[in-house]
Structures are given as C-alpha cells and as structure tokens.
Amino acid sequence: MGKRVLVIVCLSMVLLGASAGNSLSEPPPVMTASLGDETLLFQEIPTVTGASKYEQKVIEAPSAVTIVTAADISRHGYRTLADLLRSVRGFYVTYDRNYSYVGVRGFGRPSDYNTRVLLLFDGHRANDNVYDGAYFGTESIIDIDLIDRVEIIRGPGSSLYGSNALFAVVNVIAKRGRDLKSAELAAEAGSQGTAKGRASYGDRFSNGVEALISASAYDSTGQRLYYPEYDSPATNNGVTERTDYDRTENYYLKLSHHDLTFSGAYLARTKGIPTGAFGTDFNEQQNKTRDERAYADLKFERSLSSITDITARLYYDRYRYEGDYAYFQDPFTSALNKDLGSGDWWGSELRLIRKAGDLHRLIFGAEYQGNLRQDQESFYADPYGSIMPKDERRSSVAAAYVQDEITFSSSLLLNAGVRYDRYSTFGGTTNPRLALICNTVGKGTVKALYGSAFRTPNAFELYWQSTTTDANPDLKPEQVRTYELIYEQYLGDRLHGSLSGYYYRINDLITQVTVASGNTMFENIDSVAARGGEVELDAKWRGGIEGRLSFALQRAEDQRTGQPLTNSPAQMAKLAVTAPLVADRVFAGIDEQYLGRRRTEAGNFTPGFGITNITVYGQTLRKRFEVSASVYNLFDRRFGDPVSRDFLQDTILQDGRSFRVKLGCAF
C-alpha cells in the first residue's frame with residue numbers, strides 16, 4: 001500500500017508541474033571557483049561535489065577522485081553500481097549470489113555488508129541503520145539508468161560524513177528532469193531468463209518546476225548451479241535449480257522548484273539463495289532474502305550573497321529485511337527460520353559555506369540523526385519457536401564539523417577539516433583531515449593527505465544473539481588513519497595520468513570470534529595495516545576514442561598473524577576503452593579486468609583471473625532511440641569469489657559468459 005501511495009503522489013506532483021507551463025531545454029549556468037582558472041585546460045577538468053560538500057575541480061579535491069558518467073554507463077553496458085565499481089581502479093566486488101560486497105585497497109571481508117564504504121544519493125546517506133549496509137547490486141535503490149554520474153572519493157571521509165567513510169565515499173548523482181526532456185521507455189533481456197523494463201518521464205517547465213519520475217522492474221530466473229560440496233543423492237547430487245532467482249522493483253522521484261529539491265525512492269527486492277548458506281536445506285526455493293528500502297529527502301539551497309551559501313536538509317528513511325532459511329531436513333527443527341530487521345530514522349543537516357576574501361572558503365555544518373527503530377528478531381515458523389526474542393532499540397547521533405580551504409597562492413592550497421560526532425550508545429569521537437595541494441610546473445598537481453575515520457558498531461553487531469551467538473553491547477568504534485601522496489599530471493589536453501601511494505592502519509577492528517561458551521561474538525580484537533600504490537592513465541584521441549588504464553599493487557595484513565587478509569588481491573589491472581564505429585552514433589566499449597589471487601577463509605588461495613566484457617551501443621533518429629548489446633565474460637573464464645564461514649563452500653563460482661540486449665526510446 002505504501003509504495004502505491006508514493007507512486008500516486010509522485011504522478012500527481014509531476015502532472016501539476018507539467019500543467020503549470022511549457023518545458024524549457026536550456027540548463028542554468030553553473031559557476032565554479034577554483035585554482036588555476038587561467039588556462040583553457042583547467043576549464044575542461046571535471047568537478048566533484050562530494051569531496052568537500054561543494055563543487056570543486058578534482059585536482060583541488062582533498063582526495064583521489066574518479067568520475068564515471070552516464071555516457072560511460074551506456075557505452076560499457078554497466079547493469080548495476082557493482083558492475084561500475086568493478087571497472088574503477090583500486091575497487092573490486094565479491095558476489096555470494098545474494099548480495100554484492102565492495103572491496104577497496106585490499107580490504108574486502110566476505111559478507112561484511114559494505115559497512116566501511118559510505119554510499120550517498122545526491123548527498124543523502126544511504127547506509128541503513130540496522131546493519132550499516134550499503135547496497136550496490138540489484139539491491140541498490142536507484143535504477144542505474146537514472147544516474148547522471150558517480151563520484152568515487154577514496155580515503156577517509158569521516159571529517160565531513162561521520163561513520164562508515166573509512167575507505168571511500170561513493171556519491172551517486174541522479175539525473176534531473178532536464179536530462180530526459182520527455183518520456184522514456186526501456187526494455188532489456190538477457191541470459192539466465194533475465195528481463196527488465198523501465199518507464200520514466202522528466203522535463204523542466206516554464207514556471208521553474210523540474211521533475212523526474214521513474215518506475216522499473218527486474219526479473220531473473222537465475223542459473224542451474226552445481227556445487228561439488230553437496231554432491232550426494234540426498235542433496236540432488238549437488239545441483240540446484242530455480243533457486244537463484246532475483247526480482248526487483250524500483251520507484252524514483254526528483255522534483256525541484258528554485259531553491260527546493262525533493263527526492264524520494266522505493267525498492268523491493270527478493271533474492272533466492274542457491275548456495276545452502278547458513279546450513280540451510282540445499283536446493284530449496286524457500287531460502288531467500290527480501291529487502292525493502294525507502295527514503296524521502298527535502299533539500300534547500302540558496303546563495304545568501306556573493307560570498308555566502310546555505311544548505312538545509314531534512315529526510316526520513318526506512319529499511320526492512322526478511323530472511324527465510326529452510327531447515328525442513330533438520331530433525332531437531334523441521335521448520336522455516338525467519339530473521340527480521342527493521343529500521344526507521346530521520347535526520348537533518350544545516351551547512352553554511354562562506355568565503356573570507358580570496359584566501360579562505362569556510363564550511364560550517366551540523367547534523368542530527370534520530371534512529372526511531374532498530375529492531376531485530378529471529379524465530380522458527382510453523383511450529384513457532386523463538387530463537388531471538390524481538391530486540392527493540394533507539395539511538396541518536398549529533399555532529400558538528402568545520403572545514404577551511406586556505407589559498408596561499410595560485411599554486412598552493414591547504415584543506416583542513418575536523419568533525420565531532422556524539423553517539424547516544426558509546427559517546428564521542430573526533431576525526432580530522434588535512435590536505436596540502438600544490439600545482440607544479442607543467443600542469444601537474446601534488447597532494448599530500450592525512451585523515452582519520454571511524455565506523456561505529458551497528459545494531460546487528462551489538463545486540464544480535466541466538467542459541468549460537470552472544471550479544472556484545474560494549475563494542476567500540478573501529479578507527480583508521482590514512483596517509484597518502486598523489487601526483488597528477490595533464491599532458492596536453494588529451495592525456496591525464498595519476499600516481500598514488502598510501503598507508504593505512506585500522507585499530508579495534510570488529511571481528512566475529514568464538515568465545516569460551518562455544519558461541520560466537522563480535523569483539524574489537526583485530527588490527528590491520530596496509531600499503532599500496534595505484535597508477536592510472538586516461539587518454540582521449542581525435543575521432544572520439546577514449547581509454548582508461550590502471551594498475552593497483554597492495555598488501556593488507558592482519559597484524560596479529562602477519563598473514564594477508566582474506567579476499568585481498570595483491571594486484572589489480574583495469575582497461576576500459578570506447579571507440580566510435582559510426583560517427584557519433586554507434587560506439588564499442590571494451591572492459592578488461594584482472595584480479596590477482598585471494599586468500600580464502602580456509603587458508604586456500606583462489607587463482608588470479610581476467611575477464612573481458614564488450615558492449616556495442618548506438619543511438620538513432622536524433623538520439624530518440626537507443627540500442628545496445630553486451631557480452632560479459634566473453635571468453636567464459638571460470639572463477640570463484642571467497643565467501644564467509646557461513647558457507648560450506650570455500651568459494652562461490654561466478655557467472656560464465658552471459659549477454660544482454662537493451663532497447664530504449666524517448667518520445
């Protein structure tokens with residue numbers, strides 16, 4: 001019922017805006033201030049908003065930044081944010097056939113819910129308040145077709161964003177009504193019985209109203225899979241069928257008028273679990289998870305004067321999780337286990353940006369988040385048997401931050417910031433960031449960066465308990481300190497190279513261990529140190545050919561054992577190239593991705609592997625029709641991803657060769 005009401009309200013608001021005036025096609029001018037505006041080259045450098053909470057050129061951002069655009073998404077055939085991040089230097093994705101987990105700079109614990117990466121949608125925090133999870137696969141709340149660009153901001157971000165921003169902030173900027181200027185229909189089909197449809201409408205009207213509304217649905221039958229660990233007559237000889245299904249529906253609205261912008265989204269996703277995880281019955285269709293996610297965000301932005309800007313935000317979020325785990329073959333239970341998680345929260349932010357002459361750009365901000373519901377429960381259904389009685393929690397966090405961008409000269413800039421967060425659960429934490437940025441002779445930039453970040457223990461880690469798990473309400477936040485040196489160089493107007501080296505150390509890492517009772521419990525016992533380097537070259541040739549080549553070398557170690565972390569590749573290499581085949585209408589996109597060997601939970605190593613993805617994308621009839629065809633894992637490489645100890649398998653085999661065909665039209 002709730003989602004139907006949301007759709008009806010959204011449609012009504014769009015129709016009201018449309019009836020008020022005719023559409024406009026010219027976007028408003030964007031004004032930015034930055035270092036080195038005197039050269040034409042620097043005017044072509046992309047900008048980023050998520051690194052400092054205002055628009056600045058990437059060479060001035062206090063971090064290493066990658067921008068992926070809507071054109072990149074189309075020409076490379078990215079189906080989800082997880083696909084997109086697989087192509088980005090220093091990032092890798094693990095898939096356990098339920099959720100997608102993002103690893104960054106050698107840290108990617110299997111099944112860690114993405115708690116150490118902060119996901120934003122137009123600056124709105126998207127990590128939930130029960131598991132602190134960020135969702136990047138088909139479980140992501142916004143359809144990838146609605147993305148204008150994605151800002152990948154590496155390094156600690158707690159000085160501006162608080163918890164979860166240990167390794168990166170991923171800021172997804174959604175399209176606006178003017179980006180569509182019409183109604184759109186899109187349909188796609190692919191291997192594994194996959195189909196998807198989308199209907200969208202967007203425009204900007206003469207009365208100043210701008211609107212975008214969209215609805216999409218996705219369905220995949222999934223694969224027939226074989227797991228040798230279950231190869232016995234009692235478990236269908238290791239074969240599972242019709243259990244890898246994935247069904248998703250998304251709704252999205254963005255509505256703006258002058259200084260006000262409202263955005264809202266809803267997701268419902270049901271995913272079958274074909275792996276027998278958590279000791280469940282193998283080849284059982286009732287093993288599944290269902291996630292519901294919704295948010296509403298109202299933002300006010302205004303320039304009070306030529307030197308002062310103000311931003312205010314008010315939001316409400318909801319998350320619902322339901323896991324069904326079949327134990328019908330277990331003689332002690334013979335029932336379906338249901339795990340439930342429910343979160344409701346609201347929050348606000350007030351931010352003031354003020355220029356103090358030509359030397360300072362100051363940011364003052366305050367935030368509050370009230371967690372109205374952080375509930376968990378587990379029980380056997382039919383016959384009923386309690387595993388974890390319903391645990392109901394409430395909490396809050398208040399924060400204040402300040403950042404100063406100090407311009408010493410046309411070639412030297414200092415960015416310094418600090419944030420204080422006060423949690424009702426454990427108290428306060430302070431996290432600074434410093435960045436010295438120097439423009440060198442010959443269109444080069446050097447950045448020396450230091451920052452600290454934290455992740456507060458989530459409700460699941462603090463309070464989950466069962467017959468085999470103990471709660472630990474005394475957990476402390478994880479802390480990371482990162483040091484990084486970056487060199488970027490523009491060679492003419494068509495080549496851009498970057499070289500970076502980093503070191504980070506995590507203390508009080510939260511890890512699930514076995515305690516004296518024989519149960520498991522989360523404790524602050526681990527410490528991790530990592531060092532690595534990344535190099536990347538971007539090129540644009542005459543005729544429209546574009547390419548990006550990167551290589552990452554890293555080592556992340558458990559300081560107690562001296563062993564490399566699980567699921568931590570020592571090397572990664574990425575190549576992405578697009579080339580026009582027919583003028584500016586038809587393009588070919590090729591992605592090459594190599595991932596080095598990774599240690600598993602059992603102490604084994606997965607072999608390194610490389611895959612090739614290829615997409616042909618075209619636009620016809622004044623760009624009103626689009627068609628694309630993609631082949632993923634072109635050479636059908638067989639490889640597996642490490643998984644947690646919740647699985648009988650040490651690794652989960654990933655997809656072989658697959659394809660997708662997509663059609664779209666605007667009218």
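The values are calculated or read from the model by the stated rules, or taken from the named source; none is laboratory data. As the structure is a computational prediction, the values presented were derived from the model and not from experiment. Glycine gets a Cβ as well: all are built from the backbone with ideal geometry, and neighbour counts include every protein chain shown.
What the table below lists for this structure:
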quantity: Per-region count, the range 217-260, residues out of contact with any Phe, Trp or Tyr (no Cβ under 8 Å at 6 or more places or on another chain) and β-branched (Val, Ile, Thr); calculated: 1
quantity: Residue satisfying condition, being at negative phi and at pLDDT 95 or above, within set 39, 69; calculated: 69
quantity: Qualifying residue in the range 609-632 (condition: of a type in the set (S, T, N, Q), within 20 Å of residue 95 (Cβ to Cβ) and assigned to a loop (DSSP other than H, G, I, E, B)); calculated: no
quantity: Selection count, the range 232-269, where residues are among the charged types (D, E, K, R) and in a strand (DSSP E or B); calculated: 5
quantity: All positions within the range 171-212 that are part of a loop (DSSP other than H, G, I, E, B), under 27 Å from residue 134 (Cβ atoms) and charged (D, E, K, R); calculated: 175, 176
quantity: Long-range neighbours under 6 Å by Cβ, at least six apart or interchain, first residue among the β-branched types (Val, Ile, Thr) within the range 641-667, second modelled with pLDDT under 95; calculated: 643/110
quantity: Inter-residue pairs, beta-carbon under 9 Å, first of a type in the set (A, V, I, L, M) and in the range 285-311, second surrounded by 15 or more Cβ atoms within 10 Å (Cβ to Cβ) and in a loop (DSSP other than H, G, I, E, B), 6+ apart; calculated: 294/141
quantity: Test: residue in the range 366-388 that is of a type outside the set (A, V, I, L, M, F, W, C), more than 24 Å from residue 312 (Cα to Cα) and in contact with a helix residue (DSSP H, G or I) (Cβ under 6 Å, 6 or more places away or on another chain); calculated: yes
quantity: Some residue of the range 254-266 being free of Cβ contacts under 8 Å to residues at least 40 places away in the same chain and touching a Lys or Arg at 6+ places or on another chain (Cβ under 7 Å); calculated: no
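Each row is one residue, and each column tells you yes or no for (1) outside any loop (DSSP other than H, G, I, E, B); (2) among the hydrophobic types (A, V, I, L, M, F, W, C).
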| residue | (1), (2) |
| --- | --- |
| 84 | yes, yes |
| 88 | no, yes |
| 93 | yes, yes |
| 110 | no, no |
| 120 | yes, yes |
| 127 | no, no |
| 140 | no, no |
